[in-house]
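What follows is a set of notes on a single structure, which appears directly below.
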Amino acid sequence: MLRYIARRLLLLIPVILGVTLITFTMLYFTPGDPARLTLGEQAGAEQLEQFREIHGLNDGYVVRFVNYIKNAVFHQDLGLSYRNRQPVFAEVASRFPTTLKLAGLGVLVAISIGIPVGIISATKQYSLFDSVSMIFALIGVSMPNFWQGMLMILFFSVYLKWLPSSGFNTFQQMILPALTIGTSTAAVITRMTRSSMLEVIRQDYIRTARAKGQKESKIITRHALGNAMIPIVTVIGLQFGYLLGGAVLTESIFGIPGVGRLMVDAIKQKDYPVVQGGVLFIAVTFSVVNLFIDILYAYLDPRIRSQYK
Amino acid sequence: MEKKNNTPAPTQQVAQKRNQWKEVWRRLRQNKMAMVGLAILIILALAAIFADVIAPNGFDNQVIKDRFQTPNSTHWFGTDNLGRGVFDRVIHGARVSLSIGIISVSIAIVFGGLLGALAGFYGGRVDNVIMRSMDILLAIPSILLAISIVSALGGGLFNVMLAVGISSIPGYARIVRASVITLKGQEFIEAARAIGANDSRIIMKHIIPNSLAPIIVQGTLGVAGAILSAAGLSFIGLGLSPPNPEWGAMLSGGRDYIRDHMHMTLFPGLMIMATIFALNLLGDGLRDALDPKLKN
Amino acid sequence: MTKKPLLEIKNLHVHYITNEGTVQAINDLNLELYPGETLGLVGETGAGKTTTALAMMRLVPNPPGKIVSGEVLYKGKNLVEMKEADLRKIRGNQISMIFQDPMTSLNPIMTVGDQIREGIMLHQKVDKATATKRAMDMLEVVGIPMERYDEYPHQFSGGMKQRVVIAISLSCNPEILIADEPTTALDVTIQAQVLQLMENLKVEFDTSMLMITHDLGVVAKVCDHVAIMYAGTVIEHAQKHKLYRTPKHPYTIGLFESIPNVHETTERLKPIIGLMPDPTDLPTGCTFHPRCPHAMDICKVEFPEVTHLSDEHWVRCHLYPADKEVE
Amino acid sequence: MKRSWQILALLMVLLLVVTSCSPAPTGDDPAPADPAETEDPADEEEPEEPAEPADEEEELIIAQGADAVSLDPHGQNDQSSSRVRVQMFDTLLMQDKNMEFQPLLATSWEQIDDLTVEFKLREGVKFHNGEDFGAKDVIYSIQRAIASPQAGHIVDMIDGDKLEEVDNLTVRVVTKEPFGPLLAHLSHPAAAITNEKAVTDAGDDIDITPVGTGPYKLKEWARGDYIILERNDDYWGEPAKTKTIRFRAVSENANRTIELETGGVHIAYDILPNDISKVEDNSDLQLFRDKNFSTTYVGFNAQKEPFDNKLVRQAINHAVNMDEIVEAVYYGTGNKASGPLGANVTFANTELEPYEYNPELAKEMLAEAGAEDISLVIWTNDNKIRMDIAEIMQNQLQAVGINATSEVVEWGAYLSQTAAGEHDMFILGWTTVTGDADYGLYALFHSSQFGDAGNRTFYKNERVDELLEIGRTATSVEDREAAYKEAQEIIREDAPWIFTWNGEDLTGASNRVSGFELHPAGHYRLHNVSLGN
C-alpha cells in the first residue's frame, strides 16, 4: 500500500510540471500589461518600467519559465504577488483553510442529506418519497449555485433577517454558504446514492443475504451500502476536490475570502504569480484528494486492496 | 435468420443500426419524464430559433422611461434597469445559452472523442502521451480552467464556447477511450481489419458509431454543464457581458437590483433551471434507453 | 399420498409487471417435496424454475415481481401469507437456498467467514465466538481449510465459492435446501465434485432438497423425484425412474428424445419443434399446444388439470383423463 | 461489514477537522459577546479572541468593497488600502474636507524659494514601534515613496537627493522644477511618513507590517476578510474615540447595505445608488452623501478620423442625453459634468455650461462636418456602470444616425489598447486625488502625456499645454487659478471628452455612529467616530 501511495505521489510530478507549463504559457500569452494593471491608470511610465524590471517582466518566455521552475524547485519559492509582494505560497495557503472549511461544511451537509435520502429512495423505489426527493434532487442539480445563493440571501437575510449575508467567521455566517453548496452537492450525491443502491440491491449477494433470513434494514446497511459506496465516495471526492478550487461563485456571492476568490481576483488583476501558484496549489490538492479517494477504495473494497499490494 | 456472421453485409449492418435507434427511441418514448424534458427543450429551441418573431423588440431595446416595470401585459417578465423587456432578453438569451451549450460540447466531443479514440485505438505510447496530458487538464478544476482560458483569450461568445469546451475535453477523451478499448477486442473489428480496412476507416466506420451511446448521454448532460459554466463565467464578469442576453450575464447584471426588482434575476434564473432540468431528464432517459440493462 | 409433503405449492401464480407488459412467469404451478427426498425441477431456460425457487422463499423481487395467488405450504403453514418477521425465521434456517452463480452470490466486500457466521448469528442463539467457531467448522465441512475464514470471495475459485455458498446454506441445518442450478456456472470437472459434495451433505444433514436444473444427467444422478416445467407450470411430476421409463406428457417425451442416449442407438435426435412461448403473450389453453404433436381442439381452449396416473406420478395433459376423485 | 459506516464516520470526522481548522489568526468559536452586545442580536461580528479579556468596548465595524491589498504606505495605491492606511499613517499635512491645509506631522511650512518648502515638524511624536519621529523619517519616507512603483507618481516631482535635514525638527523639501501643487501632493496618503527601522525590521513582511504615527495601529489582518485596528494610546493628538475598528471586505455591493440593515456592520462604504432609499427610510440608519473628486468621461481618439474634427466631437456631446444617463445609471446621484473637473476641485471653473442635449443640432453639426455616416465603437471594461453608459449612449447616438456599437474589452487589454490609440471612444474615470486642478488636468490633457501616461484621447492644444505648465509651475495661487480657468474653457470647447459625470460618495451608517465625516478624496479618517447606544 505504501508503495502504491509512493508511486502515485511520484506520478504527481509530471502532472505538476504539466500544469505549470500550461498555466505559465497561457498566462504569458494573455494580453494586458500586469504593470499597468497593478499600478493603476494613474501611474507614470517610469514607475511602470521600474515595476517590470523588479518582476522580470522584460525577460523572454524561456528565461522567465526557467527562472520560475528554478526558484520553485531550488528555493521552494513560487514568487511574490505583484500586488502586495507577499510570497505566493503564503498568500494561497492563508486562504486555503477558509476554502477547505467551506468545502468541508458543504460536503458535510451534502452527505447528511444525500446519502440517507438516496438510500430511502432506492429502497422505496417508485414511492412518493422517491418521486418527491428525486424531483428535488433534479431541481438541486439544475439550479445555478450563485442564483440559489442570491435567493437565500434575499430570503434569510433580507426578509427574515435571520442570518448574515456575508463573511465566513462565525457559525451564523457559515450557514448560508454551507447550505448553498451543500444542497446542490446533496442533489448530486442523492442521485448517485440512489442509482448505486438500486444497482447493488439487484445483485445476487443481496438475495443471498435475504435468503439467509437477514432483516431488510440490516441488508441495506451491512450488505448493500458498503458495495454501493465506491461510486458514492467517488462523487463525494470529486465534488470536494471541485469545491476546493471551484467554489468561486459561492465565495463571491457571500464574500468569502477563499482560494477561488483569490484566483479570480488575481486573474482579473493579472497577478500572474498568484494565478500560477494558485492553480498549482489547487492541482496538487485536487490530486491528493483523488489519491485519498483511491486509498478509500482500497479500504472499502478488498478486491481493489489486493491490487494495490 | 439469426446468422452468426462476423462480417455482416453493410446493408444488414445499417439496417440493424437503424432498428437499434428505433428501439432506443421507442424505449425513450415510454419514459414520461424524458419526454417532458424533450418537450421543454424543443420549446426552448423553437424559442431560440424564432426569437426574432417571438420577441421582435430584440434584446437591447432600451426605453429608459419604462424601466423597472414589474411583469405586466406588455412586458410579460417586466423590464430591466434600462427599460428592456426581460422576456425579450430571456428569449434571445436562449439562443445564446443553447448555442454555447451545444457548440462547446461539440468542441469537447470532437477533440475529446478524437483524442480518446486515438489513445484507445493505438494504445502504448500514443495512449500514454494523450492520457497523461488529459490528466494534467483534469488536475485543474474545470471552472478554474475555463476561467483561465477565458482570461487568456478574452471574453466573447466564441472564446467562452472554446474555454468551456476545452475544459471538458478530458472527460470525453476518457469515455471514448474506454469504449474503444472494449470495442477493439471485439470480433467485428478484427474482422474488419482482416478484410483490409485501414485504421481511419475502422475508427470512423466502426469504433465511433459504436461508442456513440455513452457519448450521447454524457453530451446531453454536458450541454447542461456547459450552460451552467458559461453562466458562472459571465456571473463573475469573465464571460459574456452586457448587452448580451446570456442568462448568466443577466443574473449578474440584475444582482444589484435583486431586492427591489427581483424579476430581473428571477426569470433568467428560472430559464437556466428549466433548461438544465430538461437536459437532465432527457439525459437520464437516454441513459436508460441506450442501456436497457440498467433499466429498473 | 402415503407420505405427507414437507413443502407443497398449490396453484401458484407469479407475474412480473413491467412497462413492456405483464410477464406470467408462473402459472398455476403445483409441486410437492417430501421429507428426505431430492426433487429435481427440470425445464428449459425461461420456464420459470428460478422464479419458482424464489417464490418458495417469497424472494421474488418486488417490484416488478408479484405473487398473484396460490399457496406455498411449509409444514402446513402458508409462506405466502406469513408475516415478514416469521418468514425471516424460516429463511436460511429451515429453508435455505444455493444460487446459480457463485461468482455473484457472495458479498465481495465481506470475508467468507463472516458471511457464513451471519446466518448462524441470525438463527442460533450463540455468542460471536461460538458462531465463528461454527462457521469455521462449516468451512471444513465443505472442504475449505478454516484458515481461509478471513479471506474475501475474490480470493476463491468458482468451485470454492460454491462450496462457501453451500456452507452458508447448510450452516443452520435446514430442513429444505433449494439448489438453483448449483453447478451450471462451474467447470465440468468441478461440477462433479460439487454435486458429490451436495449429495453427501444432504445425507449427512438429513435435508430435503429441491434441485433445479436443465441437465437431465444431473437429475439422473441425484434426484428421487422429478418435476418437469414448461412455461411457468409443472406439467409432469413423478418418481424419477417412472418418469425416465414412462414419460407421459408429450413435452417430457420430446425432452428425452432430444438428448443423446449412450445406451440406445437412435438414428438421429428429435428436437422439439418451435420455441418456448413469449411469457407476456402465452397461448390460450395448454401452453404447449402450438408445439404439441398430439394437440387437440380442447388443448387450445382449456388448460388441463392435474391427472394422477399413480401415487407418485401426475401429469397435466388432455391426453389423460382428469382425476375423477377429489382428495 | 461495518466498513461503509466507518468510511462515512471517517469522512465526517475528517470534514469536521478540516472545518474546524480556521484561517490562521482566528479561533473558531466566537467569544461570547459582552452583555451590552445582546441588544443587537444580529451582530455576530465579535472579536474572535479578545486580546485582553477586559475588553469591554464594542468594536466599530466598517464594510468596504474589497480588502486592503497592502498596508505599506508606499505600496499598492488602491482606495481600499488607503482607507485603512490613513488611520495608521500621518502625512506632513492634510487637506480638510474644504481643501484647506491642516497641520499633521508638520506644524508649519514656508515657501523658501520656487523650489523649496521648509517644514517645521511636530515634537514628541512616536511611531507605533516606539521610535521617535524626526526629520530623518520624513526624508527616508519621501525617498522611499519616490522609489516605489506604486507611490512614485505622487511625489516624483521632488528631488530626492536634495531633501535636507535642517535640524531634527526641520526639513526642506526641494522639487526638481517649480511645482505649485506640492502641498496637495504631500497631503496624499502615498506621501505618508514611516520609520526606517520599522521598514528594515519588517523585511519581506512590509506589506503586512504597517508602522506609522497615526491614531490607530494594526492589530490583526485576516487576508481577504477583515482588518482590525486598535487605538494607538501614544498618539500625539487627541486619542481616537473608538478602541477598535474592524474593516470587513464585503464585495457584493448589495450585501453591504444588507449587512448594515441586519446590524452586521455599523458603517457601509459605497452603497449602491438604488439602496439610498433603503438607508434613508430606515429609522435606524443614516446616510452620508457628498460630491467627491471622481469624474467619469467618454474619451474620443482625437487623432483619428472623424474624431479629429472638433465639430464632430461637439456634435456627439450634443447628441448625448446626459440627464437620462445620470438618472438611469447613477439614480440621480452626483451630477452631470460640465467640464473636465468637478466643482469641488481647487481651481475648477464652475462657470462652464454643460453641453445641451440637442439631437437636431447634433445632426446639423455632423452634416456640417461632412460626417453623416459615422460608425464608431464605444469601448468599456467590464464595469457595470460603464457598460450601462455605453449601452445607453450607443442607443442615443444611433438616434442621430451614428452607427454606434459598444464593446466590452478586458481590463488589461483595455488599458494597453487605449494607450496605443486603437480606440474610437472609451469610457474611463479619473479621481483628482490631490484635489488640485493640476492632478485632474495635466496628465489627461497635456500633449506630453499621450497614451499610457494618461492622455488617452491624444488631445493636443498648444495653448492648453502652455496653460497647464503655468498652472503647475507658478507658485502664486492667482496665476494658477487664471491659467486653469482658461484651460478648462478651451478643453470644454475642444471637447476631447464627452463630459459625463462627477461622482458622489454614498456611505450608510447606523444611527449609533457619530462623528463620521466624508472626504472628497474618499479616505475617511475615523478617529473621531464613536459608537453610541
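Which condition from (1) within 16 Å of the chain's Cα centre (by Cα); (2) within 28 Å of A:R64 (Cα to Cα); (3) modelled with pLDDT of 85 or more is the one that A:P257 breaks?
(2)
Filter the range D:208-253 for residues that are without any contact (Cβ under 8 Å) to a residue 40 or more places away in the chain and within 8 Å of chain A (Cβ to nearest Cβ) and give the result.
D:E252
Looking at the range B:82-98, can you tell me whether even one residue there is farther than 30 Å from D:M322 by Cβ, within 13 Å of another protein chain (Cβ to nearest Cβ) and of a type in the set (K, R)?
No, that holds for no residue.
Among the residues of the range D:478-533, write down those that are aliphatic (A, V, I, L, M), in contact (Cβ under 8 Å) with a residue 60 or more places away in the chain and farther than 25 Å from D:Q286 by Cα.
Passing the criteria: D:I491, D:A495, D:I498.
Taking only the range D:253-267 into account, find how many residues are surrounded by fewer than 21 Cβ atoms within 10 Å (Cβ to Cβ) and assigned to a loop (DSSP other than H, G, I, E, B).
Selection size over the range D:253-267: 1.
Within the range A:293-309, how many residues are assigned to a helix (DSSP H, G or I), closer than 15 Å to A:I232 by Cβ and not β-branched (V, I, T)?
Going through the range A:293-309 one residue at a time, the tally reaches 5.
Out of curiosity, is D:D96 within 26 Å of the chain's Cα centre (by Cα), among the charged types (D, E, K, R), within 23 Å of D:V69 (Cβ to Cβ) and modelled with pLDDT under 95?
No, not satisfied.
Just to be sure, is C:L106 among the hydrophobic types (A, V, I, L, M, F, W, C), within 8 Å of another protein chain (Cβ to nearest Cβ) and either in contact with a Ser or Thr (Cβ under 8 Å, 6 or more places away or on another chain) or assigned to a loop (DSSP other than H, G, I, E, B) (or both)?
So C:L106 fits the description; yes.
Filter the range D:202-248 down to the residues that are among the small types (G, A, S) and more than 22 Å from D:G515 (Cα to Cα) and list them by number.
D:A202, D:G203, D:G212, D:A222, D:G224, listed by residue number.
With respect to B:S200, determine if the residue is hydroxyl-bearing (S, T, Y), part of a helix (DSSP H, G or I) and over 30 Å from A:P31 (Cα atoms).
yes
Only residues in the range D:407-423 that are closer than 22 Å to B:N244 by Cβ count as the first member; pair them with residues that are assigned to a helix (DSSP H, G or I) and not basic (K, R), Cβ under 7 angstrom, at least 6 apart or cross-chain, and list the lot.
D:V408/D:M387; D:V409/D:Q417; D:W411/A:L37; D:G412/A:L37; D:H423/D:Q417
From the list C:Q124, C:Q115, C:Q100, C:Q155, which one is farther than 22 Å from C:I190 by Cβ and either within 9 Å of another protein chain (Cβ to nearest Cβ) or in contact with a helix residue (DSSP H, G or I) (Cβ under 8 Å, 6 or more places away or on another chain) (or both)?
So the residue among C:Q124, C:Q115, C:Q100, C:Q155 that is farther than 22 Å from C:I190 by Cβ and either within 9 Å of another protein chain (Cβ to nearest Cβ) or in contact with a helix residue (DSSP H, G or I) (Cβ under 8 Å, 6 or more places away or on another chain) (or both) is C:Q124.
Can you pull out the residues in the range B:140-167 that are more than 10 Å from chain A (Cβ to nearest Cβ) and either in contact (Cβ under 8 Å) with a residue 24 or more places away in the chain or in contact with a strand residue (DSSP E or B) (Cβ under 7 Å, 6 or more places away or on another chain) (or both)?
B:G155, B:G156, B:L157, B:V160, B:M161, B:L162, B:A163, B:V164, B:G165, B:I166, B:S167
Is it true that A:L225 is outside any helix (DSSP H, G or I), facing another protein chain (nearest Cβ under 10 Å) and over 23 Å from the mean Cα position of the chain (by Cα)?
Here the answer is no, as A:L225 does not meet what is asked.
For residues in the range D:365-375 being in contact (Cβ under 8 Å) with a residue 12 or more places away in the chain and surrounded by fewer than 22 Cβ atoms within 10 Å (Cβ to Cβ), which is farthest from A:E41 (Cα to Cα)?
Looking at the filtered set, the residue picked out is D:E368.
Do we have D:W501 as among the aromatic types (F, W, Y) and in contact with a Lys or Arg (Cβ under 7 Å, 6 or more places away or on another chain) here?
Criteria met by D:W501.
Looking at the structure I just gave you, is A:I236 within 11 Å of chain D (Cβ to nearest Cβ), under 24 Å from A:D130 (Cα atoms) and surrounded by fewer than 22 Cβ atoms within 10 Å (Cβ to Cβ)?
For A:I236, the condition - within 11 Å of chain D (Cβ to nearest Cβ), under 24 Å from A:D130 (Cα atoms) and surrounded by fewer than 22 Cβ atoms within 10 Å (Cβ to Cβ) - is not met.
If the requirement is being in contact with an Asp or Glu (Cβ under 9 Å, 6 or more places away or on another chain) and under 30 Å from A:F29 (Cα atoms), which of these qualifies: B:L157, B:L153, B:L221, B:L162?
The match here is B:L157.
When the range B:226-254 is examined, which residues are found to be in a helix (DSSP H, G or I) and either surrounded by fewer than 24 Cβ atoms within 10 Å (Cβ to Cβ) or of a type in the set (A, V, I, L, M, F, W, C) (or both)?
B:A226, B:I227, B:L228, B:A230, B:A231, B:L233, B:F235, B:W247, B:A249, B:M250, B:L251, B:G254
What is the number of the single condition among (1) hydrophobic (A, V, I, L, M, F, W, C); (2) more than 14 Å from every other protein chain (Cβ to nearest Cβ); (3) crowded, with 24+ Cβ neighbours inside 10 Å that D:L169 does not meet?
If we test D:L169 against (1) hydrophobic (A, V, I, L, M, F, W, C); (2) more than 14 Å from every other protein chain (Cβ to nearest Cβ); (3) crowded, with 24+ Cβ neighbours inside 10 Å, just (3) comes out false.
Mind listing just one residue for me: the one in the range D:405-456 that is more than 30 Å from D:S476 (Cα to Cα), in contact with a helix residue (DSSP H, G or I) (Cβ under 9 Å, 6 or more places away or on another chain) and polar (S, T, N, Q) and, of those, surrounded by the most Cβ atoms within 10 Å (Cβ to Cβ)?
Of everything passing the filter in the range D:405-456, D:S406 is surrounded by the most Cβ atoms within 10 Å (Cβ to Cβ).
Yes or no, residue by residue, for (1) within 10 Å of chain D (Cβ to nearest Cβ); (2) of a type in the set (S, T, N, Q):
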residue: A:Q276; (1), (2): no, yes
residue: A:I293; (1), (2): no, no
residue: A:Y299; (1), (2): yes, no
residue: A:Q307; (1), (2): no, yes
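Would you confirm whether or not the range D:270-290 contains a residue that is within 14 Å of another protein chain (Cβ to nearest Cβ), of a type in the set (S, T, Y) and in contact (Cβ under 8 Å) with a residue 60 or more places away in the chain?
The answer is no, given that none of the residues of the range D:270-290 is within 14 Å of another protein chain (Cβ to nearest Cβ), of a type in the set (S, T, Y) and in contact (Cβ under 8 Å) with a residue 60 or more places away in the chain.
Would you mind stating whether A:I5 is within 22 Å of the chain's Cα centre (by Cα), modelled with pLDDT of 80 or more, away from chain D (no Cβ under 14 Å) and surrounded by 13 or more Cβ atoms within 10 Å (Cβ to Cβ)?
Considered against the rule, which asks whether it is within 22 Å of the chain's Cα centre (by Cα), modelled with pLDDT of 80 or more, away from chain D (no Cβ under 14 Å) and surrounded by 13 or more Cβ atoms within 10 Å (Cβ to Cβ), A:I5 comes out as yes.
Can you tell me which residues in the range D:268-283 are crowded, with 21+ Cβ neighbours inside 10 Å, of a type in the set (A, V, I, L, M, F, W, C) and assigned to a helix (DSSP H, G or I)?
Selection gives D:V279 alone.
The values are calculated or read from the model by the stated rules, or taken from the named source; none is laboratory data. Bear in mind that the values here come from a model prediction, so they are computed numbers and not experimental data. Virtual Cβ from ideal backbone geometry, glycine too; neighbours counted across all protein chains shown.
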